[in-house]
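Written out below as C-alpha cells is the structure these notes cover.
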Amino acid sequence: MSLFNTSFTFFLDPSVIEGSTTVDLAAVGLFFMFRPDAVNNNSGQLNPGVTMYLVDTVNGVPNIANTSLYTNIARCEWNQVITSSDASAETQFKFSTPITVETGVKYAILLNYDNNEQFNLWTNRIGNELVGT
C-alpha cells in the first residue's frame, strides 16, 4: 500500500500570470472518469473520499518531507467527486484558506484515496488527442 495513490506535477508560468511572482490558490479543479460505488466497493468503506495535498518539488519529485504537506490539504467526500465520460465535469478541491505559491516553480498534487479505493482521473499528455476528437 502506498502513501499516495496518484501524483502529478504542474508549473505556474509567470508570463501567463501577467509576470506575477506569486499567486493565491483557493481551489484546484480535477476531472474524474470513475469513482467506486458508495457501498459495494473494494475496501468496504462507506462513501470513500479523496484527500489532495499540494507540495513543492525537488528536482521534479514531490517533496513529501515538506511540512506544508500537513497544512496544504483539500478534501472531497464521495458525493462531491463528480465523474463524466468526456472530462466535462469538474470536481473542485477547495483549500480552507488560499495558499500562496511562487510562480516559475514546479509543484505537485498528491492524491490519497480512502482505503486505496479505485478512483480514476482523466489525464492528457502533450501530443495526445483530446477526448471526443
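Name every residue in region 1-48 that is aromatic (Phe, Trp, Tyr) and either surrounded by 14 or more Cβ atoms within 10 Å (Cβ to Cβ) or without any contact (Cβ under 8 Å) to a residue 12 or more places away in the chain (or both), in order of residue number. Break it down stepwise before answering.
Just the residues of region 1-48 that are aromatic (Phe, Trp, Tyr), to begin with: 4, 8, 10-11, 31-32, 34.
Within region 1-48, 4, 31, 32 meet the criteria.
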**OP:** State whether the residues of region 68-78 include one that is in a strand (DSSP E or B), out of contact with any helix residue (DSSP H, G or I) (no Cβ under 7 Å at 6 or more places or on another chain) and of a type in the set (Ser, Thr, Tyr).
**Re:** no
Subject >> Scope region 108-130; condition in a strand (DSSP E or B) and surrounded by 15 or more Cβ atoms within 10 Å (Cβ to Cβ); matching residues >> reply: 108, 109, 110, 111, 112, 113, 121
**OP:** Identify all residues within region 59-107 that are within 15 Å of the chain's Cα centre (by Cα), farther than 23 Å from residue 22 by Cβ and open to solvent by 30 Å² or more (accessible area, probe 1.4 Å); write none if there are none.
**Re:** 75, 77, 78, 80, 82, 83, 87, 90
Subject >> Yes/no for residue 51 being under 19 Å from residue 7 (Cα atoms), among the β-branched types (Val, Ile, Thr) and either open to solvent by 20 Å² or more (accessible area, probe 1.4 Å) or under 15 Å from the mean Cα position of the chain (by Cα) (or both) >> reply: yes
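The values are calculated or read from the model by the stated rules, or taken from the named source; none is laboratory data. Just so it is clear, the model here is predicted, and its values are computed rather than measured. Heads up, the Cβs are rebuilt from the backbone with ideal geometry, glycines too, and the neighbour counts pull from every protein chain shown. Accessible surface is based on the protein model in full, side chains and every heavy atom, while ligands, DNA and RNA are left aside. Shrake-Rupley method; radii C 1.70, N 1.55, O 1.52, S 1.80 Å.
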